[in-house]
Structure formats: structure tokens, C-alpha cells
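Trainee: Below you'll find the structure I mean.
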Ligand code: MRU
């Protein structure tokens, strides 16, 4: 398996996702500024992956500093935090990772520089390692929702490339496939950056998982022809009520799924839940440059002078989501309650439930209480 991002003595090494699928080239980033630019320009992208990159960027910022005088360290940290947080606004994993680095920084701020450097590097590596673990757990929980044979529609790329490894939505696909289920994926191309066509297709093909690409506008036709059994996507931020921001175009897939009685699942780690957002209206939507929409493959496709819009994400209302798959289990509506229980600290003592008591563990629980879109889909399948 390729490495999305890696900490090395030479700097932070990452697979340049802008060049896929034609070229598999790796960038070595030696400063936090270079790293921030790589996030902004989407050499690395996907909510959990940019969280890892931001954490590494902060660690790098102290690594390269020959000696930050004790008093200036907090100022240095905060300017690195601002640099990272300003790169992309929608994925909450980024500010989550920055906050986590801040807590570690504060715990070691007064120590000799080598100790502070080691602590920050260790924290960034922990963010990376724990993301892979979370994805594997999500895979186990999510795979239990999938029928033995199924055709899955996904949007954007929520795979190993979008995370520290394994993937969220594609992690569920991987876990199901390696558990012997017969899964086939339909990947929306995902205009304008083409994460589905370029990245999802690339990584699933490498794994030998059947994948077919469609243009975004073909999804309705596929639903009508009963070619889709379920939808499975990632998320950039989940509000307290379950409203979920993901790549632009996800909302229309969810509407289609609802209209056709097909379950629509979101896979996201707890680091993607934003307790500060009460509904989707609180989620900032990134606007990228007009050129991404007005050009295709370097060629202008919109007449000069005609405006284009480019919201990079949209919000899927919680009522369209059959279940949210997290590393702590599968949560179902009403999300205001089930997500809150997931975030609640676990009670102490013998026999106490694990954190996330509202979530159902893999297997029987998750499959036993289907939500309405799931029931409709099962009826339709007979
Ligand atoms: O603009 P991108 O490519 O960073 O958008 C990525 C997505 O929308 C993903 O679906 C999301 O980050 C989840 S990745 C596990």
C-alpha cells in the first residue's frame, strides 16, 4: 500500500495527488510554509489527511527552528497554527489536529527545545497512527451494514489517499471486500477536481476492487435503472444534528438516494464531528478559484467574461442519512442524541460501556435496527 504522507528525516513526504493517476510522484516538504501550500493547492486533500498534514506542519515548524527562545515559543506556535488553519476552512479535522497539537505544546512549552521538538513530532505521528486505527475500526463497523453482494455509489475520494491510510468510506469497502463480500463501486467523477475519476478509481483498481466511473450527471440514471444498492461517502464536518458537509455534489446524490429508497451512509471518524456546529448552517463552505470550474485539463471551457461559482462542499441534511459509521460504532437517527452520546465521556467502573454508548457495535446491533431508508431498500431488493 502506498503512503499518503510520511514523516522522514528529510522532511514531510507526500504523494502528490494532483498528478494522479498519470504519475505517482512524491513531494518532500521541508518547511511549514511549503506544507501549508501543499494543503491549499490540494497536493494532499481529504479531511483526515489534511489534519495529519497540519499536525506535521506544526511539528516541522519547531523542528527546523534552531532555537526559539522560551518566551517566543507560544507566539511561534500560534503563528504556525494560524498558517495551518487558514489553508482550507471546511474540514474540521484540520482545526481539531491543530488544537491537539496546542494541548501537547502547552504541556511541554517550558522544556528544553529537543524535548519540545520530540513531543510535537510524537503527537503528529500519533494523529497519523490513530487515524489509520480509526479507519480500520470504521471498516469493521461499516462492513456489517453491507449486504453480501452490493453495488455502492460513492462521491469524491474518501479512501487511503484522503486519510493517513485505509480510508473512511473506502475503508468500509475494503473491509467488506477482504471479509469476502462481493462489492462493486460506482465512483462519481466529482467535478471539478475529479477526485472520484482520478483518485477513487486509482486506489480501488490497485486493490483489485471493481470500480466504474460515471460523470456526476449520470447518477440519477443509474438509480432509475436500480443499479445502486447503497451510497457510502466520507465527510469533512458533521454538525451536532447530523447535517454533514462533504464534497460538492454529495447532497444531490443523497436526494437521489432518498427518492429511490436507497440507504445513504456517511463514514467519518470522531475527529470529523464538530460540537461547535449545531446544524449544517454553521459549517463554513470553502470557495475555491474560478479556474477550477472554468477550465478542464488546462483548457478553458467557459467563455471569458461568464461568471462561474465554486462552492467546494455542500451540506447533506441529516434526514437523508441512514446511519453514520464512526470508529466507535454505527450511529443512527436521531443524531442530536446519538452523536452527543458518542462524544460523552465513558462512565468509570467495571462493566461500564465504552465511550459512544449510543452506537451499535459491529454485527448484530448495527444490522438489527435499520433506519427507514434502509428498510425501504431492503423491501425493494426483496
Ligand atoms: O476537497 P477535498 O478533496 O479535500 O474533499 C474531500 C472530501 O470531500 C472527502 O469526501 C472528505 O474529506 C472525507 S475524506 C475521508
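Each reported figure results from applying straightforward, stated rules to the coordinates on display, with no laboratory input. What you are looking at is a predicted structure, and each value in this text was computed from that prediction instead of being measured. With ideal geometry, Cβ positions are generated from the backbone for all residues, glycine too; neighbour counts draw on all protein chains shown.
Trainee: Tell me, what is the percent relative contact order of the chain, built from C-alpha pairs under 8 Å that lie six or more residues apart?
Mentor: Computed over the chain, the figure is 15 percent.
Trainee: So, one more: Let me know the volume per residue of the alpha-carbon convex hull for the chain, in Å³.
Mentor: 147 Å³
Trainee: Using the count of nearby Cβ atoms within 10 Å as a rough guide to exposure, how do 215, 163, 8 rank from fewest to most?
Mentor: Starting with the residue having the fewest Cβ neighbours, the order is 8, 215, 163.
Trainee: Same structure, new question: Could you give the angle, 0 to 90 degrees to the nearest 10, between helix 250-259's Cα long axis and the longest principal axis of the Cα atoms of the chain?
Mentor: 20 degrees
Trainee: Give me the angle, in degrees from 0 to 90, between the Cα long axis of helix 73-85 and the longest principal axis of the Cα atoms of the chain, rounded to the nearest 10.
Mentor: Approximately 30 degrees, to the nearest 10.
Trainee: Between the helical axis of 372-381 and the dominant principal axis of the chain, each derived from Cα atoms, what acute angle in degrees is found, rounded to the nearest 10?
Mentor: That works out to roughly 50 degrees.
Trainee: Follow-up. Take the alpha carbon atoms of the stretch 100-121, find their center, do the same for the stretch 161-185, and report the distance between the two centers in whole angstrom.
Mentor: The stretch 100-121 and the stretch 161-185 have Cα centres spaced 35 Å from each other.
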